[in-house]
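Student: This is the structure, below, for whatever I ask next.
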Amino acid sequence: MFTRQADRFFETAHALGLNDDLDGRSVVAADLDNDGDLDLVMRNLKEKPFQIWENTFTTNAHYVDIYPVYSKGGRSPIGARLDLTCGGATQVRQITAGNSFLSQSPQHAYFGLGGCAGPVEVAIAWPDGAKEIHRDLPVDMKMRLIKGEKGPVPF
Ligand SMILES: [Ca+2]
């Protein structure tokens, strides 16, 4: 676990209580309790096969969690690239497969926005090369962006 302070990252697993002597094999980040922050699920080899780490930090930071829908027929958005801009700063996420050893996080793009309260602009490059831009999107919510459709659909 790394924590960002200014322009540097610091290893903080011990300070946050996220270290133990178990033999962790994979980790997935997902918002399990639907409160807008990412929680962790860890898979261990022997003892405690699964551990869930609920994110209980209280923060005023903003976020956007985007689930791109490539086709209504269920085609996977793997390969989609999302460029989100908020307050002049741009972050990039790509929808991937197999993002951890023997595990897979949900196919979404989670953006931590810090103090930027939006609105945000999201440019999506779909796996087939098509590009779309969604402007004036709200923050602090999960949403679907469906290829070929205007505006977000609340999740
Ligand atoms: Ca959560």
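The values are calculated or read from the model by the stated rules, or taken from the named source; none is laboratory data. Owing to the predicted nature of the structure, the values given are computational and were not obtained by experimental measurement. Neighbour counts run over all protein chains shown; Cβ positions are idealised from the backbone, glycine included.
Student: Which members of the range 31-66 meet the condition of being within 29 Å of GLU121 (Cβ to Cβ) and more than 15 Å from the ligand (Cβ to nearest atom)?
Tutor: Across the range 31-66, the qualifying residues are ASN60, ILE66.
Student: Within the range 3-19, take every residue that is surrounded by fewer than 11 Cβ atoms within 10 Å (Cβ to Cβ) and assigned to a loop (DSSP other than H, G, I, E, B) and give me the one that is nearest to the ligand (Cβ to nearest atom).
Tutor: Out of the qualifying residues, it is GLY17.
Student: Can you confirm whether LYS142 is touching a residue at least 60 places away in the same chain (Cβ under 8 Å) and either in contact with a Cys (Cβ under 7 Å, 6 or more places away or on another chain) or outside any loop (DSSP other than H, G, I, E, B) (or both)? So that I can check it myself, show each step before the final result.
Tutor: Numbers: touching a residue at least 60 places away in the same chain (Cβ under 8 Å): yes; either in contact with a Cys (Cβ under 7 Å, 6 or more places away or on another chain) or outside any loop (DSSP other than H, G, I, E, B) (or both): yes.
Yes; evaluated as a whole, the condition is true for this residue.
Student: In addition: Could you say which residue among LEU32, LEU22, LEU40 is outside the structural domain of VAL139 (by TED's automatic domain parsing), within 17 Å of the chain's Cα centre (by Cα) and either among the hydroxyl-bearing types (Ser, Thr, Tyr) or assigned to a loop (DSSP other than H, G, I, E, B) (or both)?
Tutor: Only one candidate passes the filter, namely LEU32.
Student: Across the range 66-96, what is the total count of residues that are more than 19 Å from LYS147 (Cα to Cα) and either within 14 Å of the chain's Cα centre (by Cα) or not assigned by TED's automatic domain parsing to the domain that holds PRO138 (or both)?
Tutor: 1
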